[in-house]
Amino acid sequence: MECKYYLIETLGCQMNERDSETMAGMLEELGYGRAPDAAAEERAGDGRGAARHGADVIVVNTCSVRENADNRFFGLLGQLKHVKEADPDKIVAVCGCMTQQRRVVDEIRNKFPWVDIVFGAMNIEAFPSMLADALEKRRGISEGREPATPYAMSVDIRPERGEIVEGLPSRRRHAHKAFVNIMYGCDNFCTYCIVPYTRGRERSRTPDAILDEARALAADGVKEITLLGQNVNSYRAGGVGFPSLLRLVDDVPGVARIRFMTSHPKDLSDGLIDCYRTAQNLCPSIHLPVQSGSTDVLRRMNRGYSKESYLALTDKLRDAWSDIVITTDFIVGFPGETDADFDDTMDLIESVRFDAAFTFLYSPRAGTPAAEYGDRVADAVAHARFDRMVKRLNEITKEKNLAMLGGVYDVLIEGPSKTDKTMLTGRTPGGKLVNIRPPEGVGRGASRVGDIMAVRLTEAGTFSFIGEFA
Ligand code: SAH
Ligand code: SF4
Ligand code: F3S
């Protein structure tokens, strides 16, 4: 039988990636194979891969957290018009956080009628039956049973969906590390953020479902699990809170490393910090998005903590594990951010000395409170702050990395490096990226993939290290 191919472009965060794995699993159950070279083409994120490789089903899993993700999506839909014109039997599906919003669905209907299937981030389980219907429709058209319309879009969006659907298939992207959802949605309503509107209310999976998944992953050779949620600290199912869940996962045999993300500073409890002392397999790293160092800006962001309380948290974390790797997110140019506010952020950066940080220019999102705030920061001012901040953050990252040189760290070997095929790549317990040139060459060194190896760090850059087996 002729093999049919799929290609999934994932434009969003780890949640989106995890959803894409589920959709890949659904497609493989239906007999589709991943398009050759899909990895490189999906990374390019411009839709051309789908055209070049002739994937039969093209899925675009969207993000709406910032405007540039929006723009990428609409650009991609434009490209896909040509794909669909060349072969109307190809199926184009779009889903994710953009399509949760009514105005976006209206725009797709009006401007991109060549899309076949639209569903949302809250009902990916609808995908297989929508795909079957779309294929049936195309067959009907080619056999003359249905009127020959070039386009026939079907839409199923569930704005209020609350229940969790278990037991969906998965095709995981990585052999030795995996994301496991522990909760969906977000109730925090930070004033800049679209996620509570696109992913709905917070809901937690049961510990049993999570543990079953962790055990199955361990049996498949997965060594590292990242527990995923928009705010893992508010995980609660029955009487089980996040620290207790972490301990349960810690006891799953075969899982050598546990990480979690994301952790909201306002809910980071002493109980969780204590896990860094007591849990066997919890990695010494935490992603703790601060967004701003100005208590006034944090209040207007509805973040629920102050500069001082954030600093107290990072102190406590370092008391629990002195060289814990702390990473963060910043938003620059939030409405009303003054020079003094920005100075507070720069001051916080000097106090905490983050190992790494993602910095974003504030992007107004329609429907969020901050999008209505006046006093926008001028673009030139925001960009100047952004550049100053990134420069200082990178300097600190490099200094921290240099301080690790010569040290020996356990590295989980993930596979050949994407940028240099003569090297293997992996991460330290703190999550720092290390490239290693195996003495026996990558081909033979591949036998170490999936192993945790002692590696000495010999060169330090800002974003990665070079190391050798110790
Ligand atoms: N739940 C996580 C992740 C949210 S989205 C958390 O609370 O940290 C990831 C990051 O995107 C956020 O931490 C924030 O820094 C950034 N972000 C979200 N909305 C944004 C916006 N409107 N403009 C710019 N950056 C934004
Ligand atoms: Fe968005 Fe705030 Fe929820 Fe994170 S905690 S997803 S930033 S609303
Ligand atoms: Fe993630 Fe983007 Fe949605 S960051 S939760 S895919 S808006």
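Structure data summary
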| item | result |
| --- | --- |
| Where only alpha carbons of the range 174-283 are counted, the Rg and the Dmax (Å) | 13.8, 42 |
| Stretchable slack from residue 28 to residue 391, in nm (0.36 nm times residue separation minus alpha-carbon distance) | 126.3 nm |
| Probe 1.4 Å - accessible area at residue 469, Å² to nearest ten | 40 |
| Between helix 339-352 and the chain: long-axis angle, C-alpha atoms, 0 to 90°, nearest 10 | 70 |
| Percentage of interatomic Cα-Cα distances in the chain larger than 31 Å | 47 |
| Mean ellipticity per residue at 222 nm, deg cm²/dmol - from DSSP H runs of n ≥ 4 across the chain, formula -39500 (n - 2.57) | -11500 deg cm²/dmol |
| Computed E for residue 422/residue 155 - FRET, C-beta separation, R0 51 angstrom, nearest 0.05 | 0.60 |
| Computed E for residue 106/residue 446 - FRET, C-beta separation, R0 51 angstrom, nearest 0.05 | 0.55 |
| Cα long-axis angle, helix 207-219 against the chain (0 to 90 degrees, to the nearest 10) | 90 |
| Estimated FRET transfer efficiency (residue 399, residue 3; beta-carbon r; R0 51 Å; 0.05) | 0.50 |
| Inter-label distance, nm, simple model (7 Å from Cα along the C-beta direction), residue 340/residue 79 | 4.7 |
| Distance between the range 170-244 and the range 92-115 - C-alpha centres, whole angstrom | 27 |
| Links that overshoot a 29 Å alpha carbon limit, given the list 223/421; 266/432; 177/400; 90/111; 391/432; 90/177 | 90/177 |
| Residue 244 versus residue 462: modelled label distance in nm, points set 7 Å from Cα along the beta carbon direction | 4.5 |
| 400, 4, 432, ranked by accessible area, largest first (probe 1.4 Å) | 4, 400, 432 |
| Net charge of neighbours whose Cβ lies under 12 Å from the Cβ of residue 348, counting Lys and Arg as +1 and Asp and Glu as -1 | -3 |
| Per residue solvent-accessible surface (Å²) - the range 294-403, probe of 1.4 Å | 46 |
| Theoretical gain in end-to-end length, residue 136 to residue 295 [0.36 nm per residue, Cα-Cα removed] | 51.6 nm |
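The values are calculated or read from the model by the stated rules, or taken from the named source; none is laboratory data. Keep in mind the model is a prediction, meaning the values are calculated, not measured. Neighbour counts run over all protein chains shown; Cβ positions are idealised from the backbone, glycine included. For the accessible areas, the whole protein counts, side chains as well, though only heavy atoms, and no ligand, DNA or RNA atoms are used. Shrake-Rupley method; radii C 1.70, N 1.55, O 1.52, S 1.80 Å.
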